[in-house]
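So the structure is just underneath, and the comments pick up after that.
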Amino acid sequence: MTDVAKKVDTVTLTIDGIEVTAEKGELVIRVAERMGIAIPRFCDHPLLAPAGACRQCLVDIEGQRKPVASCTQTVAEGMVVKTQLTSEVAAKAQGGVMELLLANHPLDCPTCDKGGECPLQNQAMTNGRADSRFKEHKREYEKPIHISSQVLLDRERCILCQRCTRFSEEIAGDKFIDLMDRSSGEQINVYRDDFFGGRGTGDGQAGEGEGDVPFNSYFSGNTIQICPVGALTGEQYRFRARPFDLVSTPTTCEHCASGCSMRADHRRGKVLRRLAGDDPAVNEEWNCDKGRWGFQYQTSSERILNPLVRDADSGELREASWSEALLAAAEGLTAARGNGGVGVLAGGRLTVEDAYAYAKFARLALGTNDIDFRARPLSAEEADFLAATVAGVSDVTYTDVENAPSAVIAGLEPEEESGILFLRLRKGHLRKKLQVTAVAPYLTRGFDKMGAALIPTVPGDEARVLAEDPAVAAALSAPGALLLVGERLATVPGALSAAAALAARTGARLAWVPRRAGDRGAIDAGCLPNLLPGGRPVGDPAARAEISLAWDTDAGALPSRPGRDTNQIVAAAAAGQLGGLLVAGVDPADLADPRLAEQALDAAGFVVSLELRHSAVTRRANVVLPVAPAAEKSGTYLNWEGRLRSFDTVLKTTAMTDGRVLEAVAALMDVPSNHPTAAQNPTKGILLGTGDVMAIRRELGTMPPSRADRPVAPAVAPAALPATGEHEAVLATWHHAIDQSTLLEGDDVLAGTARPPVARIGSELAAALGVIDGDAVTVGTDRGAITLPAEVTRDLPARVVWLPTNSPGSTVGRSLGVTAGAVVRLSAGKAGPLLASSEVTA
Amino acid sequence: MGTFTGSFKGFGVTFAHMFRKVITTDYPFTPPTPAPRYHGRHILNRHPDGLEKCIGCELCAWACPADAIYVEGANNTDEQRFSPGERYAGIYQINYARCIFCGLCIEACPTRSLTMSNEYELARDNRQDLIFTKKELLAPLLPGMEQPPHPMRLGDTDKDYYVGALENPGTSVGAERAPWATNEAEDATGQASKEAV
């Protein structure tokens, strides 16, 4: 509220004869816009710095010799502005600019992807001449050229407004495209060898020559969206539809925990493109390429459309009717429940409503707390940390990030793991006073772009740094300082304990930033072995009583012992102690030990998989039940802020939500025999009530806030760093934003903009191994090896090697069987026959 | 008036018609030829080398008041070229259960690809057959034409095709006419059919 009440200096000016009061420093074009006077413009964008590049917004200002660009002119006291509506001079100037812009603009509109939603087309119709006086030959360029595998540049159409270059420089920090050449040859281009007379292929395709730098930014799609003409277009949407074919639905991105609002455009039952939505509180008007283009998995031919049941005779999966499959699942789970119990792996891709359905299903139908959403390396300490400091808390917002004086980031690489958070951090740094301190092994490009100070940290040492490093404490001492921790800190013993203690000690606010869209919601929905919905501790009888009241069951019906986490469920299943597994969208390759996870799926007596597409889980499942992808259901994601991001169905299909499928399974299951009401109520069927998203929202909405005590934060002591011998190093690893993620499978065009996988080593280690940039380096463990080109990286501590977690040629979990902080062997060159063979078997 | 003379007067009208020219058409044995600009079924024309004139721009679909046209654009490549320029119609359908033959689509067509023939025999016994695709709509290959995909033969760029199209009307000559227009049969409206287009 202080912002609103703050007194601002104002000036009074006249626009088109109307007196108006505006904030000092405001631009004339914005003030006019607020009054409802539309001045045509191309280069002007409210989130970019003023440029005055296109000259379309010329207005007549009294006392000025020539018309002035209203997008760069700030208001002044007593200024008299006349727009094209009241001034002949302004109208003539704008008409002249439009004529010049069109002089070299090709008559491409019928084939141009922008046709029908093109600001140039629209404004040429409203403000332009009816006929052309230009009879000469128009300027020609080769068209279009690929400036990345995803983005196409047509220089003929470009009007040099520089929105794209300004976005790339100011917002994303990836200055891959720029203005080149001069005069009538001035053009937007990428840094290409052949353009500068080098040894390029000369065919105009960037990335072919040795020194070519393609437009591989994670945010390149935004330039396509803000291009006011059809100069930048996307390969994926190329010629697919016209604006009038499309039905637009506001939705939310399902990829990461940033929670971007989006617009999904579909035609004839198929989503054709997605655009960044306008939500100033979250993603402003931007999104990342993964969110924009990573939706092909929904239409993949591998989608499971009918339930599958493992045939008793052949042992193969076969298609079955819903009634048969539901019955098989219910009977199998009932039997497994009595035979060792069933573990639930919920995964991080669920909406809040679906996660709640899993949490309720585990407690009521399976009678267990063996449920965990974490499909990644994890620890028991993390579960305690989440219960103590994350569940039900929404303390830090994007606005806080932007306005914070300083932020310490640990266990998180914002550009790779939460793109929009990265953009906000960068905005805070460039436009406000944010100072970022990174607790990381090296200064990544993302950290570099936000001017972060690095505290070089060997993976596993974060706990000590957070607890002891004076620089961290000093950075957090300013009021409003933020401590942002990522999910990767879970694998460092004591790190999350140290983070919570540090926040308490310094008064800094703490935010936990997970990677997947459903992670945060799953905590609050109760998909943890130690938490019931609403952040209620399982061990607290009062909390259980609140839930049993809400679920209309007897107190004592809910299992009271904290359950097993993902690792323990997998270990128990692999040891044959579990009767069954219920698995949602989980890829075993993401777990700490993929091989053990697959053994667990094999050894578990009965596996039910709720999936979109065939996966390592469905291949081993006894019953596979297809569920709806995000576009075909409504739901809510909780982003890392703890902000609800509800979305509606984009495509109306017959696909069912996880909650609806679980409700149908539960309805066919017996009440557990240890249930107090089992004796009086021998009838079949458990009422879950999760079939309808609105019903779940009502149920969650009417649940009173918990009065149970919040558990205290864990206090785990840091572990000593492992010793590294000669030719050994500590492994650092995290995911690239665009990698071999299940949701990006088969998206070759998008994969083309991924960062090349490299093994990063420090200069000392490189010298010891005798490698330079580009030489092959092999990182090995007893299980297998990964060979990647080396990149000698500044700041990287001496005995550390970094690998991308799940990129082509570098699947750390599957090939090495270890996680960050483990000691790995290093050698120059390719793996020997011994290691190579073990990689094949892995 | 007596009954007798009254009958004569009535039959007289009938009798007089026996000497007038018959306006009944002997369809389907001698089908009438419609006026030259009659709005019949559509044709997707070709350039003289056989490439399609249609660029898949969907302006016809946009103009269509009956929502009868469905187009999906696709990308021409050097290996697979169906039309000059970057874009061609991957899918082109006209649903004759919906078409009202208003001709707004041909007015909208920027490449003069879509024109209308004089063919009116469009009755089908099921709805599916009323959806005409590129297979039915594309003009037949005339001598000297080559079945796409093939490279551009008339010039290096698409502009050579579009500029040349002013002198070279392509294959709409002939193809616009229904098969019977070349028949000798002529009737009251037939005298103009030879000078059409």
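Read-outs throughout are calculated quantities, based only on the coordinates presented, and are distinct from any laboratory measurement. In this text the structure is predicted, and so the values were computed from the model without any measurement. Every residue, glycine among them, receives a Cβ derived from its backbone with ideal geometry; neighbour counts consider all protein chains shown.
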In segment A:3-101, if every C-alpha pair distance is counted and binned at 10 Å from zero, what percent goes to each bin? 17, 50, 27, 5, 1
Pairing the Cα long axis of helix A:88-103 with the longest principal axis of chain A, what angle in degrees results, from 0 to 90 and rounded to the nearest 10? 70 degrees
Between 0 and 90 degrees, rounded to the nearest ten: what's the tilt of helix A:419-431 against the longest Cα principal axis of chain A? 50 degrees
When the Kirkwood radius is taken over all Cα pairs of chain A, what Stokes-Einstein diffusion coefficient follows at 10 °C and 1.306 mPa s, in µm²/s? 55 µm²/s
For n ≥ 4 DSSP H runs only, could you compute -39500 (n - 2.57) per run for the protein assembly as shown, divide by its residues and tell me the 222 nm figure to the nearest 500? -6500 deg cm²/dmol
Calculate, axis by axis, the spread of Cα positions in segment A:308-429 along the three principal axes, and write the results as whole Å, longest axis first. 65, 30, 24
Round to the nearest 0.05 the FRET efficiency obtained for A:ASP278 and A:LEU107 when R0 = 41 Å and r is the Cβ-Cβ distance. 0.85
Label-point separation (nm) for A:ARG755 and A:ARG794, each offset 7 Å from Cα along Cα-to-Cβ? 1.5 nm
Using θ = phi - 60° and the Karplus curve 6.51 cos²θ - 1.76 cosθ + 1.60, what whole-Hz ³J(HN,Hα) does each residue of segment A:552-564 get, with Gly and Pro shown as x? 6, 10, 6, 4, x, 6, 7, x, 9, 8, x, x, 9
How high is the FRET efficiency from A:LEU47 to A:ALA767, r the C-beta distance, R0 51 Å, rounded to 0.05? 0.65
Would you please give the residues with an amide H less than 5 Å from that of A:ALA790, counting only those at least 5 places away or on a separate chain, with H modeled from the backbone geometry? A:ALA759, A:GLY774, A:ASP775, A:ALA776, A:VAL777
Where does the charge balance sit around A:ALA467 when Lys and Arg score +1, Asp and Glu -1, over other residues with C-beta under 13 Å from its C-beta? -2
Considering only DSSP beta bridges with both partners in the protein assembly as shown, what is the antiparallel share in %, to the nearest 5? 65 percent
Taking Cα atoms, the helix A:495-506 axis meets the longest principal axis of chain A at an angle in degrees (rounded to 10) of 60 degrees
By the mean-Cβ-within-10 Å protection proxy, highest first, A:488-501, A:466-479, B:87-100 rank as A:488-501, B:87-100, A:466-479
Surrounding charge for A:ALA729, neighbours by C-beta under 12 angstrom, Lys/Arg +1, Asp/Glu -1, total 0
Phi-derived 3J(HN,Hα) across segment A:453-468 with the Karplus relation (6.51, -1.76, 1.60, θ = phi - 60°), rounded Hz, x for Gly and Pro, is 8, 9, 10, x, 9, 6, x, x, 9, 4, 4, 5, 4, 5, 7, 10
With A:ALA542 itself left out, Lys, Arg at +1 and Asp, Glu at -1 over residues whose Cβ is under 14 Å from its Cβ give +1
Could you give me the ³J(HN,Hα) list for segment A:58-75, computed from phi with Karplus coefficients 6.51, -1.76, 1.60 and θ = phi - 60°, whole Hz, x at Gly and Pro? 4, 10, 9, 10, 4, x, 9, 5, 10, x, 10, 6, 6, 7, 10, 7, 7, 6
How far apart, in nanometres, would the label points at A:ALA130 and A:GLU331 be if each is projected 7 angstrom from Cα along the Cα-to-Cβ direction? 7.9 nm
What distance in nm separates the simple spin-label points at A:ALA555 and B:PHE101, each placed 7 Å from Cα in the Cβ direction? 8.2 nm
What does DSSP give for segment A:728-841 in terms of the percent of beta bridges that are antiparallel, rounded to the nearest 5? 65 percent
Provide the gained length on full extension for the span A:ARG431 to A:ASN339, in nm with one decimal, where the gain is 0.36 nm per separating residue minus the Cα-Cα distance. 27.1 nm
Long pairs among A:LYS270/B:LYS134; A:LYS135/B:LYS53; A:LYS135/A:LYS175; A:LYS290/B:LYS53; A:LYS360/A:LYS652, criterion Cα-Cα beyond 30 Å: A:LYS135/A:LYS175; A:LYS290/B:LYS53
